[in-house]
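J.: I'd like to ask some things about the structure below.
The values are calculated or read from the model by the stated rules, or taken from the named source; none is laboratory data. Since this is a predicted model, take the numbers as computed values, not measurements. Positions of Cβ are backbone-derived with ideal geometry, glycine not excepted, and every protein chain shown enters the neighbour counts. Side chains included, ligands, DNA and RNA excluded: accessible areas come from the protein's heavy atoms. Shrake-Rupley method; radii C 1.70, N 1.55, O 1.52, S 1.80 Å.
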Amino acid sequence: MMALDRPHELLKPVKRRFIALTFFLGLLVELIPLPAGSTRWLPDLIGLVLLYWVINQPRRVGVGTAFFVGLIADVATAGLFGQHALAYSLTAYFALKRQRQLVMFTLGQQALAVGGLLFANQLIMMLARLLTGSAFIGFSYFLPPVIGILLWPLLTKLLLLPYRQHTA
């Protein structure tokens, strides 16, 4: 069983290439063609990865990175240009405002906080669509943050693996 506590060990420094690779892999996963309707429950993996790095590497990943990654997501998904950039920038800002508290939380507490940020992310994108004349999709649009809450501990453990000190 996976413990939901933060590691109590020193980690190796994170390389910028690894951060860029995680964003690239998140984008690739978002671009995988899936059957119609199955994407309604999938969380925003780029948003999850972004929140992970904003919380754990705030000096390297901030609002500017969030905006840039959001623009790339907008182009890649052929969505409303700027909606991801706006949503990611705002949620990154909110996460940065509470970053010192978030890193002290257990993974379970972090997952709930990240769920709130993912919900805000979905809400911002929905409002951007509504303001441009799109129809309301329905309340199932807010299911992905719930799945994101469940995936947060797994994502955290996976992204920490390359940086754990291996003692012999």
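J.: Only one residue in Ala78, Ala87 is small (Gly, Ala, Ser) and either at pLDDT 90 or above or touching a strand residue (DSSP E or B) at 6+ places or on another chain (Cβ under 9 Å) (or both), so which one is that?
T.: Of the residues listed, the single one that is small (Gly, Ala, Ser) and either at pLDDT 90 or above or touching a strand residue (DSSP E or B) at 6+ places or on another chain (Cβ under 9 Å) (or both) is Ala87.
J.: Can you name every residue in the range 38-73 that is outside any helix (DSSP H, G or I) and either in contact (Cβ under 8 Å) with a residue 40 or more places away in the chain or open to solvent by less than 50 Å² (accessible area, probe 1.4 Å) (or both)?
T.: Applying the first criterion (outside any helix (DSSP H, G or I)) to the range 38-73 yields 41-44, 57-62.
Of everything in the range 38-73, those that are outside any helix (DSSP H, G or I) and either in contact (Cβ under 8 Å) with a residue 40 or more places away in the chain or open to solvent by less than 50 Å² (accessible area, probe 1.4 Å) (or both) turn out to be Trp41, Leu42, Pro43, Asp44, Gln57, Pro58, Arg60, Val61, Gly62.
J.: Okay, next question. Filter the range 106-122 down to residues that are free of Cβ contacts under 8 Å to residues at least 40 places away in the same chain and over 13 Å from Gly47 (Cα atoms) and give me whichever is farthest from the chain's Cα centre (by Cα).
T.: Gln109
J.: Where residues in the range 74-85 are touching a helix residue (DSSP H, G or I) at 6+ places or on another chain (Cβ under 8 Å) and part of a helix (DSSP H, G or I), which of them is nearest to Ile149 (Cα to Cα)?
T.: His84
J.: So Ser134 clears everything in (1) within 18 Å of Leu27 (Cβ to Cβ); (2) among the small types (Gly, Ala, Ser); (3) assigned to a loop (DSSP other than H, G, I, E, B) except one condition, right? Which one?
T.: The single condition Ser134 does not satisfy is (1).
J.: Turning to a different aspect of this structure: Which residues, taken from the range 118-164, are open to solvent by 50 Å² or more (accessible area, probe 1.4 Å), farther than 30 Å from Lys15 by Cα and aromatic (Phe, Trp, Tyr)?
T.: Matches in the range 118-164: Phe136, Phe139.
J.: Given the residues Tyr93, Tyr88, which is the only one that is among the aromatic types (Phe, Trp, Tyr) and either surrounded by 16 or more Cβ atoms within 10 Å (Cβ to Cβ) or outside any helix (DSSP H, G or I) (or both)?
T.: After applying the criteria, what remains is Tyr88.
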